[in-house]
Structure formats: C-alpha cells, structure tokens
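We did not get these values from a lab; they are worked out from the coordinates using the rules stated. This one's a predicted model, so the numbers in the text were calculated from it and none came from an experiment. Virtual Cβ from ideal backbone geometry, glycine too; neighbours counted across all protein chains shown.
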Amino acid sequence: MVLNILRLRIWLQISAYVLIILSVLFCWSLYNPNVLKIFIRTGLPVDYLVNLPGALGSTFLAANAPQISVEEVKNLIDSNDKSLLLIDVRMTHEYEYSHISGAILVPLSDIEIGTGIQKIRLMLPGHRIITYCGSNPRSNRAVYLLQKAGISATNMTDGIREWKRKIEPSMPIPY
C-alpha cells in the first residue's frame with residue numbers, strides 16, 4: 001500500500017513537471033512557431049496536432065508550413081516571375097473588397113472539400129504556389145491541405161494585413 005502511494009506521488013510529480021514544461025513550450029510557441037519545428041521533425045503526430053482547436057492548432061500549422069515574407073513575394077511579382085501562382089484563400093467577399101494584384105481566389109472552404117485542390121491542380125504545372133489570407137491561419141491550413149494532397153505550397157507570412165502594412169499602405173482591407 002505504501003509503495004503504491006509512493007509510486008502515485010512520484011507519477012503525479014513527474015506529470016506536473018511535464019505539464020509545466022508543455023505549458024511554457026506552448027506559450028513560447030505562440031510567439032515563435034519555429035520552436036515547434038524541432039518537435040515536428042522528431043515525429044510529433046502533425047496530422048493530429050494541426051486539428052487542435054484555436055491558437056494551438058494554428059501554431060502547429062504555422063510551424064509545419066513553409067513561409068515566405070511579403071517582401072519576397074513583392075520581389076517575385078516585380079520580377080514578372082511567370083511561375084508564381086498567388087492564391088487568396090479568404091472568402092469571396094473579402095477577395096472582392098481587395099486582393100493582391102494577380103492573385104486568384106480559391107477559398108479555404110473549397111480546398112477543404114476538394115474542389116479547390118482540383119482547381120489548383122489544373123493551374124499547377126510549372127507554377128510555384130504561394131497562399132495568403134488575412135493574417136495566417138487559413139493560408140497555413142491551406143498549405144497543410146495542399147501538402148497532404150501532394151501539392152507543394154508556401155504561405156505568405158502574416159497575409160494581406162502585412163502586405164498592406166509593408167507594401168501597399170493604401171490597400172483597403174475589410175477588417
């Protein structure tokens with residue numbers, strides 16, 4: 001009996017330390033998703049983690065998706081890179097309100113049900129896919145779903161809000 005109580009106490013202490021470490025890691029990863037890349041490379045079950053609710057799932061999506069800055073995308077556009085396929089994954093009304101010149105609308109909802117993936121496959125040959133949304137969560141999810149479908153894609157970090165802030169300040173955005 002005493003031995004079982006001692007084992008339980010040790011188990012609870014170890015569990016408490018693990019919870020503290022995981023909590024610190026989670027908080028740190030919200031500010032820097034790259035922290036999670038180390039754990040993803042070691043075999044964390046990404047398919048499960050990206051479906052966690054809210055900020056936690058979004059953080060794993062951001063850590064798992066290749067990223068490109070708005071400045072790099074602007075340079076690709078300015079260089080008339082014909083291989084660039086810029087995909088806006090926001091909703092139709094957001095796209096109609098404003099979008100980056102040359103971007104094609106393929107809403108995340110279409111990608112999730114598969115019709116968007118088929119549309120992208122038709123445009124894919126010879127193109128480099130870069131996705132964006134308002135600030136990241138939807139475009140990171142789009143990259144994840146495209147990767148699962150065997151399509152290489154990159155997320156434009158911080159989305160159209162960052163584009164407006166750094167590249168095109170006069171661009172209206174619906175939020």
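Report the local net charge at Leu108: Lys and Arg +1, Asp and Glu -1, summed over other residues whose C-beta lies under 15 Å from its C-beta. Write out the running numbers ahead of the final one.
Details: positive: Arg90, Lys119, Arg138, Arg141, Lys148; negative: Asp88, Glu94, Asp110, Glu112.
Computed value for this residue: +1.
What shape does the range 59-117 have by the C-alpha gyration tensor, where a ≥ b ≥ c are the square roots of the eigenvalues, rounded means a/c under 1.5, and otherwise prolate means a/b greater than b/c and oblate the rest?
Note, shape of the range 59-117 comes out oblate.
Within a Cβ distance under 15 Å of Ser152, other residues only, what is the Lys/Arg minus Asp/Glu net charge?
Local charge sum for Ser152: +3.
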